[in-house]
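Only one structure is covered here, and it is reproduced in the block below.
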Amino acid sequence: MAALGLVLTLATLIIVLKAAGATAPPDLSVRLVEARPMGDQWVAEVEVSNRGDATAASVEVEGGTAPDVASATLDYAPGHGRERLSLVLPARPGPDTPFRIRGWSEP
């Protein structure tokens, strides 16, 4: 009986240690959520999604086409989370407007 208890304890410990050490790095993507006018410009509200386990800090987001490119920095994108930010563009953004993640740092 003691052997069975030892085996179950060791199996549980191995599973917990594997789960604790298995963290996927940030896996970021960005998409346009909404565009609204602001005077003679447009505000593009975008959503940054992180499908990874780890949090990304200082996430740099860029949108538009040259020479009309806007950028902003998101403080953080938590693992398996979503955050929104706004970019101001001179023309109405649409489905073909490119939005990109330019970089991030480890918190």
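The values are calculated or read from the model by the stated rules, or taken from the named source; none is laboratory data. Given the structure is predicted, the values throughout are model-derived calculations rather than measurements. FYI the Cβ positions are ideal-geometry reconstructions off the backbone, even for glycines, and counts take in every protein chain you see.
Got a number for residues in segment 27-47 being under 11 Å from Arg84 (Cα atoms) and either exposed (fewer than 15 other Cβ atoms within 10 Å of the Cβ) or touching a residue at least 60 places away in the same chain (Cβ under 8 Å) (or both)? Looking only at that region, the number is 6.
In this structure, is Gly79 part of a loop (DSSP other than H, G, I, E, B) and within 11 Å of the chain's Cα centre (by Cα)? Criteria met by Gly79.
Looking only at segment 48-67, which residues are outside any loop (DSSP other than H, G, I, E, B) and surrounded by 13 or more Cβ atoms within 10 Å (Cβ to Cβ)? Result: Val48, Ser49, Asn50, Ala56, Ala57, Ser58, Val59, Glu60, Val61, Glu62, Gly63, Gly64.
Of the residues Ala91, Ala72, the single one that is of a type in the set (A, V, I, L, M, F, W, C), at pLDDT 95 or above and not in a strand (DSSP E or B) is Ala91. The residues of segment 94-107 that are in a strand (DSSP E or B) and surrounded by 16 or more Cβ atoms within 10 Å (Cβ to Cβ), listed by number, are Phe99, Ile101, Trp104. Among the residues of segment 66-107, those identified as among the polar types (S, T, N, Q) and over 16 Å from Ala35 (Cα atoms) are Thr73, Ser105.
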